[in-house]
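Reviewing the structure listed below.
The values are calculated or read from the model by the stated rules, or taken from the named source; none is laboratory data. Given the structure is predicted, the values throughout are model-derived calculations rather than measurements. Heads up, the Cβs are rebuilt from the backbone with ideal geometry, glycines too, and the neighbour counts pull from every protein chain shown. Note: accessible area is taken over every heavy atom of the protein model, side chains too, but ligands, DNA and RNA are not part of it. Shrake-Rupley method; radii C 1.70, N 1.55, O 1.52, S 1.80 Å.
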Amino acid sequence: MARTIVLLFLLTSNLILAQKEIITTKGQLLDSETSQPIPFASIYLKNRTIGTTSNSEGYFVFHIPVQNSSGTIVISAMGYASIERMPDSFSSEEKIVLEPQINRLDEVQLSASKDKVLTAKEIVRKAHKRIGENYPTEPYILEGFVRDLQKEDDSYVEYLECAAKYSYQGTQIKREPSIELLGVRSNGIAEKHPWNKNTERKNSLIDLVEDDFIRFNYGPILGKKGWKYKIENALTYDNRLVYKIAGVEKPFQTATLYIDAKTFAFVRMELTRKAIKNRSWRRRFTNGALQIYYNVVFEYQEYKGKMYLKYQKEEDHWRIFKGLESNKVLFTKYPKKELFINNIITENVANYPFKRNMEIGNSIENQAEKFDTEFWATYNIPQQTAEQSKILKELKNKIH
């Protein structure tokens, strides 16, 4: 008993010490005109590499090392004027309003090009041509948090949260990053449909980094024949002006591209594919799976003149048939994965602590080490929403 008390005391003391070395700010971001939550906004230290993201309800928690307490916190979201605050200026659970800001398109076009007003397709092609200038060419490391959710028909069967480091080569090298799994925070996996259970399950960290428009040079960023583009308007993002361009490639694909009006960097990209009457852009797999919906989002942040990944989402809908030639639908599955970057390492990368430990063919939960309370107490992640907490609780009840 005495030994147990001593161990608990030491654990608590270490946790309190770690928390004292951190300043924590909390709040909810709201639109000043509609009072609606602002999801997936960036909250970061100015001229630093650490940050976090608001959740789908606009809530955020930001842990700042005490040595950065004199720094400035920047809050920015697409289509809103950014604000700057000191860490000690936040009140507990503060409601923070951002002002919507949409700019006159003609003024943006004139300031972006003195020679002529560019068409939407010309802007996309110019952005594609400047990838080598706008994205990193030297090795770098990203640290971030992944949330992996899967549903079968109307029932959730998986909820997984983990932290990882990603070691990248320059953007011109068409290679996926090496990955170090840092820890698993939440792990709820219920009994699945026999088809899903017996099918080889992809490691979700690998599944995310396989799709990279910039690195692997594909998708709506190419401005190729077949894609039609239209400039919708000009928005403000992180004190810069961006074009919002809608793209369509009939019959299956639509895209939205946000392109910096000055540097022509891709700031945000979204691609959606939808099947039409079971006619998909992709053949049905031999195991009976047919992808009927695909949505991917990439959002980038600027650091020292280069654009680094800040947020990525991949969401699919798969209609599972009894077999390749069968018309009998067994069920529909809905996997959704999100990656939130909270730190960028660009200096002395070779000596930065990194240990490649990710086994591609093994699921994340089977590679998890013991839960580290101290690590997760101050690790920057987007807050769980009420709905996400409910899903995780229900999954754990199913398991037990």
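Whether any residue in region 149-163 is over 21 Å from residue 393 (Cβ atoms) and under 22 Å from the mean Cα position of the chain (by Cα) is what I want to check. Break it down into steps so the answer makes sense when it comes.
Taking region 149-163 as the starting set, the residues that turn out to be over 21 Å from residue 393 (Cβ atoms) are 163.
Within this subset, residues satisfying the condition of being under 22 Å from the mean Cα position of the chain (by Cα) are 163.
Yes, some residue in region 149-163 is over 21 Å from residue 393 (Cβ atoms) and under 22 Å from the mean Cα position of the chain (by Cα).
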Subset of region 297-315 [buried (at least 19 other Cβ atoms within 10 Å of the Cβ) and more than 17 Å from residue 78 (Cα to Cα)]: 306, 314
Meets criteria (buried (at least 18 other Cβ atoms within 10 Å of the Cβ) and either basic (Lys, Arg) or under 27 Å from residue 64 (Cβ atoms) (or both)) for residue 337: yes
Sole residue being basic (Lys, Arg), under 24 Å from residue 158 (Cα atoms) and in contact with a helix residue (DSSP H, G or I) (Cβ under 6 Å, 6 or more places away or on another chain), chosen from 313, 337: 337
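Quick one: in region 38-95, of everything that is among the β-branched types (Val, Ile, Thr) and in a loop (DSSP other than H, G, I, E, B), which residue is surrounded by the fewest Cβ atoms within 10 Å (Cβ to Cβ)? Steps first, please.
Initially, region 38-95 is screened for residues among the β-branched types (Val, Ile, Thr), giving 38, 43, 49-50, 52-53, 61, 64, 66, 72-75, 83.
Now narrow it down to the ones that are in a loop (DSSP other than H, G, I, E, B): 38, 49-50, 72.
Values: 38: 25, 49: 20, 50: 19, 72: 14.
The residue in question is 72.
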Complete set of residues in region 355-400 that are at pLDDT 90 or above and either of a type in the set (Phe, Trp, Tyr) or touching a His at 6+ places or on another chain (Cβ under 7 Å) (or both): 375, 376, 378, 379, 380
Single unsatisfied condition, residue 230 versus (1) within 24 Å of the chain's Cα centre (by Cα); (2) in a strand (DSSP E or B); (3) surrounded by fewer than 20 Cβ atoms within 10 Å (Cβ to Cβ); (4) not small (Gly, Ala, Ser): (1)
Exclusive hit being among the charged types (D, E, K, R), in contact with a strand residue (DSSP E or B) (Cβ under 7 Å, 6 or more places away or on another chain) and not in a strand (DSSP E or B), set 313, 393, 337, 355: 355
Index of the failed condition, residue 255 passing every other in (1) of a type in the set (A, V, I, L, M); (2) out of contact with any Asp or Glu (no Cβ under 7 Å at 6 or more places or on another chain); (3) under 28 Å from residue 51 (Cβ atoms): (2)
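Does at least one position in region 247-262 carry a residue that is of a type in the set (Lys, Arg), farther than 24 Å from residue 344 by Cα and either part of a strand (DSSP E or B) or out of contact with any helix residue (DSSP H, G or I) (no Cβ under 7 Å at 6 or more places or on another chain) (or both)? Before you say what the answer is, go through the steps one by one.
So the first thing to find is which residues in region 247-262 are of a type in the set (Lys, Arg), and the list is 250, 262.
Checking the rest, the ones that are also farther than 24 Å from residue 344 by Cα come to 250.
From what's left, either part of a strand (DSSP E or B) or out of contact with any helix residue (DSSP H, G or I) (no Cβ under 7 Å at 6 or more places or on another chain) (or both): 250.
Yes: region 247-262 contains one or more residues that are of a type in the set (Lys, Arg), farther than 24 Å from residue 344 by Cα and either part of a strand (DSSP E or B) or out of contact with any helix residue (DSSP H, G or I) (no Cβ under 7 Å at 6 or more places or on another chain) (or both).
Can you say whether residue 250 is open to solvent by 30 Å² or more (accessible area, probe 1.4 Å), touching an Asp or Glu at 6+ places or on another chain (Cβ under 7 Å) and either of a type in the set (A, V, I, L, M, F, W, C) or at pLDDT 90 or above (or both), as far as the supplied structure shows? Steps first, answer last, please.
Working: open to solvent by 30 Å² or more (accessible area, probe 1.4 Å): yes; touching an Asp or Glu at 6+ places or on another chain (Cβ under 7 Å): no; either of a type in the set (A, V, I, L, M, F, W, C) or at pLDDT 90 or above (or both): yes.
The answer is no for residue 250.
Being more than 23 Å from the chain's Cα centre (by Cα) and surrounded by fewer than 14 Cβ atoms within 10 Å (Cβ to Cβ) narrows it down to one residue among 361, 323; which is it? Show your work before the answer.
Working: 361 fails: more than 23 Å from the chain's Cα centre (by Cα).
Exactly one residue qualifies, and that residue is 323.
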Flag if residue 243 is among the aromatic types (Phe, Trp, Tyr), farther than 20 Å from residue 122 by Cα and buried (at least 20 other Cβ atoms within 10 Å of the Cβ): no
Residue count, region 316-334 (criterion: assigned to a strand (DSSP E or B) and hydroxyl-bearing (Ser, Thr, Tyr)): 2
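Can you name the residue in region 85-101 that is acidic (Asp, Glu) and touching a Ser or Thr at 6+ places or on another chain (Cβ under 9 Å) and is also farthest from residue 61 (Cα to Cα) among such residues? Step through it out loud before you land on a result.
First, pick out the residues of region 85-101 that are acidic (Asp, Glu): 88, 93-94, 99.
From what is left, the residues that are touching a Ser or Thr at 6+ places or on another chain (Cβ under 9 Å) are 88, 94, 99.
On the way: 88: 14, 94: 11, 99: 21 Å.
Step by step, filter region 85-101, then rank; the result is 99.
Wholly within region 147-223, which helices (runs of 4 or more DSSP H) include no fewer than the required count, namely at least 1 residues that are closer than 26 Å to residue 353 by Cα and touching a residue at least 12 places away in the same chain (Cβ under 8 Å)? So that I can check it myself, show each step before the final result.
On the way: elements: 194-198, 204-209, 213-216.
Fully inside region 147-223 and qualifying: 204-209, 213-216.
Of all residues in region 340-352, which are in a helix (DSSP H, G or I) and either of a type in the set (Ser, Thr, Tyr) or open to solvent by 70 Å² or more (accessible area, probe 1.4 Å) (or both)?
Taking region 340-352 first, the residues in a helix (DSSP H, G or I) are 349-351.
350, 351 - these are the residues of region 340-352 that are in a helix (DSSP H, G or I) and either of a type in the set (Ser, Thr, Tyr) or open to solvent by 70 Å² or more (accessible area, probe 1.4 Å) (or both).
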Condition met for residue 28 (under 19 Å from residue 385 (Cβ atoms), at pLDDT 90 or above and open to solvent by 80 Å² or more (accessible area, probe 1.4 Å)): no
